[in-house]
1. Shape call for the stretch 1-85 from the C-alpha gyration tensor, a ≥ b ≥ c root eigenvalues: rounded (a/c under 1.5), prolate (a/b greater than b/c) or oblate?
2. For the stretch 27-71, just say rounded, prolate or oblate: build the C-alpha gyration tensor, square-root its eigenvalues into a ≥ b ≥ c, call rounded for a/c under 1.5, and beyond that prolate if a/b exceeds b/c, oblate if not.
3. Rounded to the nearest percent, how much of the accessible area of the chain (1.4 Å probe, protein heavy atoms only) is carbon and sulfur?
4. Report, in degrees rounded to the nearest 10, the 0 to 90 angle that the Cα long axis of helix 75-86 makes with the longest principal axis of the chain.
5. Let me check against my output: what whole-number percent is the relative contact order of the chain, with C-alpha pairs under 8 Å and at least 6 apart?
6. When the helix-only estimate is applied to the chain (DSSP H runs of n ≥ 4, each -39,500 (n - 2.57), divided by the residue count), what is the mean residue ellipticity at 222 nm, nearest 500 deg cm²/dmol?
Amino acid sequence: PLLDSLVTSKTRVKLLLKFFAHNNSGYLRALAKEFEESTNSVRVELNRLTEAGLLLSDDEGKTKVYRANHRHPFFTEIRNMVSKFLGLDD
């Protein structure tokens, strides 16, 4: 699929699907558990996506919670790609 060929990191694809398919938020440990991946590999990708401005993070107590940045210039395009990937488009 296109998303897999554009994005070489499987973890990054999972994060984009998680955050851009629905208005999901998530935190490191829960995401690592959900994806059955190490917290380190998930952390690296969360940091990359946050640095790119695609994700925003907020501190809720001692936990950093991530969500999609709706104001990013490519938000709509990424959401559309994710929808096509998941077969949600008509």
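1. On the way: a/c = 1.83, a/b = 1.26, b/c = 1.46.
The shape class here is oblate.
2. On the way: a/c = 2.04, a/b = 1.33, b/c = 1.53.
Judged from the Cα gyration tensor, the stretch 27-71 comes out oblate (a/c at least 1.5, b/c at or above a/b).
3. Working: 2910 of 5860 Å².
Roughly 50 percent of what the probe reaches on the chain is carbon or sulfur.
4. 70
5. Details: 85 pairs, mean separation 28.5, N = 90.
With pairs under 8 Å counted, the relative contact order is 32 percent.
6. Working: 5 runs with 50 residues, N = 90.
Helix-only estimate at 222 nm: -16500 deg cm²/dmol.
The values are calculated or read from the model by the stated rules, or taken from the named source; none is laboratory data. Values in this document were obtained by computation on a predicted structure and should not be read as measured data. Ligands, DNA and RNA are stripped out before the accessible areas are found, and what is left, the full protein with its side chains, is counted by its heavy atoms. Shrake-Rupley method; radii C 1.70, N 1.55, O 1.52, S 1.80 Å.
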